[in-house]
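This report refers to the structure that appears directly beneath it.
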Amino acid sequence: MLEAISFGDTGWGDEMLMGAFWTVAVSISSILLGLVIGIIFAGFKLSSIKVLNLIAEFYTTIIRGVPELLVIYLLFFGGGGAVMYVAKIFGYYGYIELQPFVIGTLAVGAISGAYSTEVIRGAVNAIPRSQFETGSALGLKGFRLYQKIIFPQVARLALPGIGNVWQITLKDTALISVTGLVEIMRQSRIASGSTHEPFIFYTIAIVLYLIITRVSNIVFDKAETRYSRGFVKRKIT
Amino acid sequence: MKKINLIFISLILAVSSTIAIAGDWSKIRIGTEGAYEPWNFTDSAGNIVGAEIDLANDLCKRMNAECTFVQQDWDGIIPALTQGKYDVIMAGMSVTDERKKTISFSKAYMTEPARFFTLNSSPLSTFSSAKNLNLDDDGSATAGTISSLNNALKGAKLGVTVATIHEDFANTYLDTDLKIYPTQDEMNLDLAAGRIDAMLCDVGTAEAFMGTAGGANVVTFGPNVFGGPLGEGVGAGIRQSDKELKAMFDQAIADAAADGTITKISMQWFGKDLAP
């Protein structure tokens, strides 16, 4: 038991913490990528241009309708194959490895982006039409209108949903262990397969995931409070 | 062309590349799981160790190659080989016909054979025969061992588990009365209770049972059985196109088996001889 949590060459504590670091690193880069995707595709969905609607609809339907593991397999094995195929056209016959971190972030980011798209679209739709009209009446146009009037309100409405997407993203990172990135899940599998102590190491994994979730909940609560200044917290009475 | 390559590669963010020139096997990348003690696993300092790691290092020395290990989750270990993430799989992988459809294998470097088990009170426990029964060997020794087995088992009830390589073997080579079980556990219990006279199964699973109180009276008899329908054992997975590399591994494995290196490594990690 002590070996499972002690640090240095005799224990697994440092390896497990390193795994937690990679889980957090992939989760944060994925959710950021997902938010960028989400903002762009929410714009597509709300656009009056039909083609953009279709592209966004296609993306969210495919990603949300297909198991996450399949998306990761497709990007990891298919992505590498596609890159090498293109390289061959240019006369390069070697093996090109896409870094597990990059491919994992792309895959999980693409998944979280689809959910973020819907959350942001819903939040923008929930903002009263009059806010846009008032903004225009004040002489704000385009980007300035969104920056000053719409975005702060979207943030308030989208944050609870984005908090959900974050939790999904955090757990999806467990699936990218197939790419060879040693995050919490892969590290626990290595440790339990090497020591025949699955119970101890999977329990440590649970604790690590719960710590990350708890800390991120605190951050999201703080953010929600900040963006809800001036609003009364409604409670069902 | 070189210039285009460079432009192309720099276009893709954070792409690392390694050039494998066909036919040059001075550098070999070996893919392993690193989570299958004692075959290949990770120590608490993060090093990959195990029987297959020792063996791979030995084989590479024989092939004058510089070997590096690449860790890959068991899921996706074959696709990563065919795609070129590494050149060889050494991950406790049994050679099976199903896998042979996708990749080729070197000759087996270790086998966990099947054996017969009975109670220590049974007359079968004193049966003696050749150490090994290789079903791929068509010689007279093989036929002799099979017929002496059939003589010893005459009138006995032999247990096997359903739809296994062991059932295939018993159906093909033995004319004893078979009792077929859905699981190893049920077969274990019936052997201990004396409902069957003997059972045929993998050494590892039976030894696990023999270590428990219920299996304390169980003993093994007869030869190590392998080859034929029992498969070839654990081998190195290699891309079907790399015929030259397969030949190099076959040669190195044959040499390592002949001079006792595999036996030595096997005794060190498994406490028994799994040499082919």
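The table below gives the values:
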quantity	calculated
Search result, residues across the range A:84-108 that are part of a strand (DSSP E or B) and charged (D, E, K, R)	A:Glu97
Criterion (β-branched (Val, Ile, Thr), touching a residue at least 60 places away in the same chain (Cβ under 8 Å), farther than 27 Å from B:Glu52 by Cα and in contact with a strand residue (DSSP E or B) (Cβ under 7 Å, 6 or more places away or on another chain)) met by exactly one of B:Thr111, B:Thr161, B:Thr145	B:Thr145
Residue under evaluation B:Val160, criteria (1) part of a helix (DSSP H, G or I); (2) of a type in the set (Val, Ile, Thr); (3) in contact with a Cys (Cβ under 8 Å, 6 or more places away or on another chain), criterion not met	(1)
Residue selected from the range A:83-103 under the condition more than 7 Å from chain B (Cβ to nearest Cβ) and within 24 Å of the chain's Cα centre (by Cα), by the criterion surrounded by the most Cβ atoms within 10 Å (Cβ to Cβ)	A:Ile103
Residue check for B:Gly194: farther than 21 Å from B:Asn57 by Cβ and surrounded by 15 or more Cβ atoms within 10 Å (Cβ to Cβ)	no
Only listed residue being within 14 Å of another protein chain (Cβ to nearest Cβ), out of contact with any Phe, Trp or Tyr (no Cβ under 6 Å at 6 or more places or on another chain), of a type in the set (D, E, K, R) and in a helix (DSSP H, G or I), chosen from A:Arg121, A:Arg144, A:Arg186	A:Arg186
Scan of the range A:147-183 for residues that are outside any helix (DSSP H, G or I) and either under 30 Å from A:Tyr227 (Cβ atoms) or acidic (Asp, Glu) (or both), ordered by number	A:Glu183
Strands (runs of 3 or more DSSP E) contained in the range B:27-116 and holding at least 2 residues over 24 Å from B:Glu232 (Cβ atoms) and either within 17 Å of the chain's Cα centre (by Cα) or within 11 Å of chain A (Cβ to nearest Cβ) (or both)	B:66-71
Single match in A:Leu75, A:Leu46, A:Leu69, A:Leu52 (criterion: modelled with pLDDT of 95 or more and either among the hydrophobic types (A, V, I, L, M, F, W, C) or surrounded by fewer than 14 Cβ atoms within 10 Å (Cβ to Cβ) (or both))	A:Leu52
In the range B:206-219, the residues that are buried (at least 16 other Cβ atoms within 10 Å of the Cβ) and out of contact with any Ser or Thr (no Cβ under 9 Å at 6 or more places or on another chain)	B:Phe209, B:Gly215
Any hit, the range A:132-141, residues being more than 23 Å from A:Thr173 (Cβ to Cβ), of a type outside the set (Asp, Glu), at pLDDT below 90 and in contact with a strand residue (DSSP E or B) (Cβ under 8 Å, 6 or more places away or on another chain)	no
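The values are calculated or read from the model by the stated rules, or taken from the named source; none is laboratory data. Computed from a predicted structure; not experimentally measured. Cβ sites come from the backbone with ideal geometry, for glycine too, and all protein chains shown count toward neighbours.
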